[in-house]
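Asks: Below are the structure tokens for one structure; questions will follow.
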Amino acid sequence: MDDDGVEITDVNDDDFLEQKVQVRNQDMSSVAVVVGEFVSQYGWALLLTTALVYLIIQQLSKRRSSLWDSRQPPPSQRDAVLVARNQEAMEAARRKMQEELDAKAVLFREKQKQQEEERRRQKIEVWENMQQGKSSKGHKLSETTTTEEASASTTVLKPKTDKRPLRSADYNPLSGDGGGACSWRPGRRGPSAGG
């Protein structure tokens, strides 16, 4: 012992490892012994039971698939039936769409006829009004001319004056025979003489 009251003892590492290994081996060895004894006593029975269960599962899956196949027609017949149903559905949809389009076309033609009839009626009305001496709005032309004369008497009309000079009848601007003062000459070529 030291002065401090602490006692130091030397521990052997081999003894410590030996104790750990023994503990591990004891736990595993008991399980291994139990499993080993079970397999040695019932091994053949366990193997035969596993094989029988596997074969039974295989037979059941074959029966199940054969029952499933017997309920449904063969793939070729199933495909033919499916294609026929799809074609019938498409034909029905096409017929329905064509009927809707035909109905819309009939309505459009009726609307066009009504519009054409309305235009024709308006033209006839305008023609009748013109024959009776009325304007296209239904007023008599004599009434409109009197109102125009009354408004013209109150306002002074200015004659339009043409500010363009008068030209002779044989004047042609494209011919170039317009006279000396109005002739066109191309400009000089070359750089400008700027400073």
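Asks: Check whether at least one residue in segment 96-109 is at pLDDT below 90 and part of a helix (DSSP H, G or I), and report yes or no.
Replies: Scanning segment 96-109, I find no residue that is at pLDDT below 90 and part of a helix (DSSP H, G or I), so the answer is no.
Asks: Evaluate segment 27-38: report whether one residue or more is in a helix (DSSP H, G or I) and modelled with pLDDT under 70.
Replies: The answer is yes, given that some residue of segment 27-38 is in a helix (DSSP H, G or I) and modelled with pLDDT under 70.
The values are calculated or read from the model by the stated rules, or taken from the named source; none is laboratory data. From a predicted model like this one, the values you see are computed outputs, not experimental measurements.
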